[in-house]
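The values are calculated or read from the model by the stated rules, or taken from the named source; none is laboratory data. Here the structure is a predicted model, which means the values were calculated and not measured. Glycine also receives a Cβ, built like all others from the backbone with ideal geometry; neighbour counts cover every protein chain displayed.
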Amino acid sequence: MKILYCYWMQYNDVNSRGGGVQVYQRNIINQLRANKNTKIYTLSSGIAYDGKKECYVEKLKNDGDIERFQIVNSPMLAPSKSSFYDQSMYLSDIQLKAVFRDFLQSLGGVDVIHFQSLEGFTLKVLELKEEFPQTKFIVSLHNYQCFCPQVNLWKNDEECCDDFHDGNDCLHCLGDYPSTKSFKMYYLFDYYLRKIGLSSYSKPFLGKVKQIYGKLKPQTVKKQVDASVNNHEQATIFADFRELNVSYINQYIDVVLCVSRRVREIAVHMGINPKKAKVSYIGSAFAEHQASESQKSYSGGILKMAYMGYMRHDKGFYFLLDALEHMKPELAKKVAIIIAARFDDGEAVLRAKKLQKRLADVKLYDGYTHEQIPDILEGVHLGVVPVLWEDNLPQVAIEFKAMGIPVLASDRGGPSELSDSFYFVFKNGDSHDFEEKIENFISTPDVMHDYWKKQHHLITMKEHCSQLMQVYNS
């Protein structure tokens, strides 16, 4: 079987760019590459630019028996937000379709094309299903790029986007973000650094670019907003973006893999054919030795909680700070918190430190590596995943559960799906409901066992890849 994996970033990028999806793609490739009956190709797009106009496929150095390719000068930059205002190009471009067709023919065709995202590609590429009817076209929904070019369905960095008002809300949504031109300049620099074997220097360079952008961003943001606000035509393009993505997926994609039940619900609500939408929980290395009971049994007293991730509104970090700051004093004294998140906001760090006066204990970690996780979470009774957006299935929730830490999650996205216990789900953004759940654990410690009684088995990479192969072969 010949499988082509498409994502905007290569699975073995030296700078580990591409987020959790890049890690996921690397994991499945490493699991499947041992199969002698499987030939794997990878194709990245939207990050390689050489300063010329021609769009073409470039062969990269093989990784063992994995053949790697990249599209150079794609009409669409990746990630999706970097070309947010270019969706007319995404919808109308035919150049990339021709380039993709020639590439497939050069490989002698493939049996499966698995898009981890359509970021960096253009829509009409999917029309190639008509020319390669025996090839199975699959797309995974790790985010919501097919419905939202900002990818998170998270409006103005402050609320879940349940209604985009026919694209009009998209005009104001991007806010404080670098321009497409800035991204292309970075990718141009990165491309030639990689050419001469200095890939590792591109990430520090990006750091400098961000510093410069931080000083110039008021002018940059104003220019972006002025170019789009009150533009009826642009709003129509955003509406067409969602409508046509759904239409094309229903027409040309064989299977839509949704990484949680909630993702499938959203996809079907958006118009995806429910017969094509299949729940497929991603595999995780953490599942190999997953716990089936709490690593630290809670029997009353101080409840030790942990938050791991980012200091971001959509992740619920600021909601958590607010909730802890306003928690009833008598309850707060029975709660300890560990916060492991890169210190991107100095003011938030100070607020977290001040919680020491209210809570039983507070420990802060300025970011973390996976190797540090066991030490950071030593003795933790409860993991908190208070997401405010429809977070598809955060890796941190999987990590908590695998290590024997039950997860108290909001009802947004997929993190609450790891157990069916209603004691461990609270209404997103509702600090009163959050506090009631915490108080219930402290007053009735036996409730903690209900998480494990109603838990769902975490999927190992081996199990997940076996499921993938069934989809590929069906």
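I'm checking my understanding of the structure. Among residues of segment 104-125 that are more than 23 Å from residue 282 (Cα to Cα), of a type in the set (A, V, I, L, M) and in a loop (DSSP other than H, G, I, E, B), which one is farthest from the chain's Cα centre (by Cα)?
Of everything passing the filter in segment 104-125, 107 is farthest from the chain's Cα centre (by Cα).
Kindly indicate which of 64, 46, 20, 51 is under 22 Å from residue 152 (Cα atoms), surrounded by fewer than 20 Cβ atoms within 10 Å (Cβ to Cβ) and not acidic (Asp, Glu). If you could, list the steps in order and put the result at the bottom.
Values: 64 fails: under 22 Å from residue 152 (Cα atoms); 46 fails: surrounded by fewer than 20 Cβ atoms within 10 Å (Cβ to Cβ); 51 fails: under 22 Å from residue 152 (Cα atoms).
20 is the lone residue from the list that is under 22 Å from residue 152 (Cα atoms), surrounded by fewer than 20 Cβ atoms within 10 Å (Cβ to Cβ) and not acidic (Asp, Glu).
Would you be able to tell me the number of residues in segment 304-331 that are hydroxyl-bearing (Ser, Thr, Tyr) and surrounded by fewer than 22 Cβ atoms within 10 Å (Cβ to Cβ)?
Kept after step one, since they are hydroxyl-bearing (Ser, Thr, Tyr), are these residues of segment 304-331: 307, 310, 318.
With surrounded by fewer than 22 Cβ atoms within 10 Å (Cβ to Cβ) added as a condition, the list becomes 310, 318.
Adding up the residues that qualify gives 2.
So which of 71, 113, 94 ends up being surrounded by fewer than 22 Cβ atoms within 10 Å (Cβ to Cβ) and of a type in the set (Val, Ile, Thr)? So that I can check it myself, show each step before the final result.
Details: 71 fails: surrounded by fewer than 22 Cβ atoms within 10 Å (Cβ to Cβ); 113 fails: surrounded by fewer than 22 Cβ atoms within 10 Å (Cβ to Cβ).
The conditions single out 94.
Just checking, how many residues over segment 9-55 are in contact with a His (Cβ under 9 Å, 6 or more places away or on another chain) and among the aliphatic types (A, V, I, L, M)?
So the answer is 2.
Report yes if some residue within segment 442-450 is of a type in the set (Ser, Thr, Tyr) and crowded, with 20+ Cβ neighbours inside 10 Å; otherwise report no. Even if it seems obvious, please write down each step before you answer.
Filtering segment 442-450 for residues of a type in the set (Ser, Thr, Tyr) gives 443-444.
Within this subset, residues satisfying the condition of being crowded, with 20+ Cβ neighbours inside 10 Å are none.
For segment 442-450, residues of a type in the set (Ser, Thr, Tyr) and crowded, with 20+ Cβ neighbours inside 10 Å: absent.
Do we find a residue being touching a Leu at 6+ places or on another chain (Cβ under 8 Å), assigned by TED's automatic domain parsing to the domain that holds residue 328 and modelled with pLDDT of 95 or more anywhere in segment 365-377? If you could, list the steps in order and put the result at the bottom.
First, pick out the residues of segment 365-377 that are touching a Leu at 6+ places or on another chain (Cβ under 8 Å): none.
Within segment 365-377, none of the residues are touching a Leu at 6+ places or on another chain (Cβ under 8 Å), assigned by TED's automatic domain parsing to the domain that holds residue 328 and modelled with pLDDT of 95 or more.
Out of 384, 362, 380, 396, I need the residue that is β-branched (Val, Ile, Thr) and free of Cβ contacts under 8 Å to residues at least 60 places away in the same chain. Which one?
Numbers: 384 fails: free of Cβ contacts under 8 Å to residues at least 60 places away in the same chain; 380 fails: free of Cβ contacts under 8 Å to residues at least 60 places away in the same chain; 396 fails: free of Cβ contacts under 8 Å to residues at least 60 places away in the same chain.
After ruling out the rest, the residue left standing is 362.
Mind checking which helices (runs of 4 or more DSSP H) fall wholly inside segment 384-461 and carry at least 3 residues that are at pLDDT below 95?
395-402
If we keep just the residues of segment 237-284 that are polar (S, T, N, Q) and modelled with pLDDT of 95 or more, which is farthest from residue 169 (Cα to Cα)? Break it down stepwise before answering.
Residues of segment 237-284 that are polar (S, T, N, Q), as a first pass: 245, 247, 250-251, 260, 273, 280, 284.
Restricting the remaining residues to those that are modelled with pLDDT of 95 or more gives 245, 247, 250-251, 260, 273, 280.
Numbers: 245: 18, 247: 22, 250: 25, 251: 28, 260: 27, 273: 26, 280: 31 Å.
Result: 280.
Would you say residue 283 is assigned to a loop (DSSP other than H, G, I, E, B), more than 23 Å from residue 19 (Cα to Cα) and not acidic (Asp, Glu)?
Numbers: assigned to a loop (DSSP other than H, G, I, E, B): yes; more than 23 Å from residue 19 (Cα to Cα): no; not acidic (Asp, Glu): yes.
Considered against the rule, which asks whether it is assigned to a loop (DSSP other than H, G, I, E, B), more than 23 Å from residue 19 (Cα to Cα) and not acidic (Asp, Glu), residue 283 comes out as no.
With the checklist (1) in contact (Cβ under 8 Å) with a residue 60 or more places away in the chain; (2) in contact with a helix residue (DSSP H, G or I) (Cβ under 9 Å, 6 or more places away or on another chain); (3) under 13 Å from residue 2 (Cβ atoms); (4) hydroxyl-bearing (Ser, Thr, Tyr) in hand, flag the one item residue 38 doesn't pass.
Among (1) in contact (Cβ under 8 Å) with a residue 60 or more places away in the chain; (2) in contact with a helix residue (DSSP H, G or I) (Cβ under 9 Å, 6 or more places away or on another chain); (3) under 13 Å from residue 2 (Cβ atoms); (4) hydroxyl-bearing (Ser, Thr, Tyr), residue 38 violates only (1).
Residue by residue through segment 462-474, note down the ones that are surrounded by 14 or more Cβ atoms within 10 Å (Cβ to Cβ) and either of a type in the set (D, E, K, R) or assigned to a loop (DSSP other than H, G, I, E, B) (or both).
Once the filter is applied, which keeps residues that are surrounded by 14 or more Cβ atoms within 10 Å (Cβ to Cβ) and either of a type in the set (D, E, K, R) or assigned to a loop (DSSP other than H, G, I, E, B) (or both), segment 462-474 yields only 463.
If I filter segment 116-150 down to residues being within 30 Å of residue 165 (Cα to Cα) and charged (D, E, K, R), which single residue comes out as surrounded by the fewest Cβ atoms within 10 Å (Cβ to Cβ)? Please lay out each step first, then the result.
Initial filter on segment 116-150 (within 30 Å of residue 165 (Cα to Cα)): 116-127, 138-150.
Applying the additional criterion that residues be charged (D, E, K, R) yields 119, 124, 127.
Working: 119: 30, 124: 20, 127: 15.
Per the criteria, the residue is 127.
Could you list, in sequence order, all residues of segment 232-275 that are of a type in the set (Lys, Arg) and farther than 24 Å from residue 22 by Cα?
Passing the criteria: 242, 275.
Restricting to segment 360-383, name every residue that is within 24 Å of the chain's Cα centre (by Cα) and over 26 Å from residue 16 (Cβ atoms).
As a first pass, look at segment 360-383 and keep what is within 24 Å of the chain's Cα centre (by Cα): 365-374, 376-377, 382-383.
382, the sole residue that qualifies.
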